[in-house]
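To start, the structure itself, in structure tokens.
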Amino acid sequence: MIARAPLELKKYFFPLVHVAADPEYEPEKGNDKVHFDVNTSITRDEKNDLFQITLEILAEPENEDCRIPYSIQLTGVGLFTVSKKWKEPERLLRINGASIIYSAAREFLITVTSRGPWPPVILPTISFRDPEGPKASPSKEE
């Protein structure tokens, strides 16, 4: 039997989508290191008992000497419910909810950029885990 998750995605959408190919980008130069800036915010609609996660993603060149294939500014919004039994809904949303919306944004960007002149953009894997939470012990290789 599959247990019902304490976090339920009701709807997600992308209210801001800006993806522009750089016509002066030269892939053979190999100077296309992209920095992704990701910001999240959580709000609650008490009336409808919904939480909203807003995820803003911005792609920038890693430094002034780099050109990147696409200028990207993307905002993803997810509407969630959280089980009343869950003790820390904000933490669950900040980690799991943001991860769900980020994954949807990754697939969305792959689709959009695969229609452009340069290779598709794949958002890097990141963790939304609370930095103050429990930490794993580093391995000997680290």
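Residue by residue, here is whether (1) at pLDDT below 90; (2) touching a strand residue (DSSP E or B) at 6+ places or on another chain (Cβ under 9 Å); (3) not hydrophobic (A, V, I, L, M, F, W, C) holds:
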position	(1), (2), (3)
Ala20	no, yes, no
Asn39	no, yes, yes
Asp45	no, yes, yes
Asp49	yes, yes, yes
Gln52	no, yes, yes
Ala59	no, yes, no
Glu62	yes, yes, yes
Ile68	no, yes, no
(request) Scan region 34-69 for residues that are in a loop (DSSP other than H, G, I, E, B) and surrounded by 12 or more Cβ atoms within 10 Å (Cβ to Cβ) and report the count. (result) 5
(message) Can you pull out every residue in region 78-111 that is surrounded by fewer than 17 Cβ atoms within 10 Å (Cβ to Cβ), not in a helix (DSSP H, G or I) and not charged (D, E, K, R)?
(response) Thr81, Ser83, Trp86
(request) Looking for whichever is touching a helix residue (DSSP H, G or I) at 6+ places or on another chain (Cβ under 9 Å) and polar (S, T, N, Q) here; the options are Ser99, Ser83, Ser41, Ser103. Which one fits? (result) Ser83
(request) Answer yes or no as to whether Pro6 is touching a Phe, Trp or Tyr at 6+ places or on another chain (Cβ under 7 Å), modelled with pLDDT under 95 and either closer than 21 Å to Ser127 by Cα or surrounded by fewer than 16 Cβ atoms within 10 Å (Cβ to Cβ) (or both). (result) yes
(request) Only residues that are closer than 14 Å to Lys10 by Cα and among the acidic types (Asp, Glu): list them for region 37-55, please. (result) Asp45, Asp49
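Among the residues of region 68-86, are any of a type in the set (D, E, K, R), under 24 Å from Thr43 (Cβ atoms) and in contact (Cβ under 8 Å) with a residue 40 or more places away in the chain?
Restricting attention to region 68-86, the residues satisfying the condition of being of a type in the set (D, E, K, R) are 84-85.
Right, trim to under 24 Å from Thr43 (Cβ atoms) and you get 84-85.
Pick out the ones that are also in contact (Cβ under 8 Å) with a residue 40 or more places away in the chain and you get 85.
Yes, region 68-86 contains a residue that is of a type in the set (D, E, K, R), under 24 Å from Thr43 (Cβ atoms) and in contact (Cβ under 8 Å) with a residue 40 or more places away in the chain.
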(request) Go through the residues of region 54-65 one by one and say whether even a single one is without any contact (Cβ under 8 Å) to a residue 40 or more places away in the chain, closer than 27 Å to Ala3 by Cβ and not small (Gly, Ala, Ser). (result) no
(message) Taking the criterion of being surrounded by 14 or more Cβ atoms within 10 Å (Cβ to Cβ), in contact with an Asp or Glu (Cβ under 7 Å, 6 or more places away or on another chain) and part of a strand (DSSP E or B), would at least one residue in region 13-32 satisfy it?
(response) no
(request) Give the residue that is nearest to the chain's Cα centre (by Cα), with candidates limited to residues of region 41-74 that are of a type in the set (Gly, Ala, Ser) and closer than 21 Å to Gly116 by Cα. (result) Ala59
(request) For Leu79, indicate whether it is under 19 Å from the mean Cα position of the chain (by Cα), under 19 Å from Pro6 (Cβ atoms) and at pLDDT 95 or above. (result) yes
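The values are calculated or read from the model by the stated rules, or taken from the named source; none is laboratory data. Please read these numbers as outputs of a predicted model, since none were measured by experiment. Cβ sites come from the backbone with ideal geometry, for glycine too, and all protein chains shown count toward neighbours.
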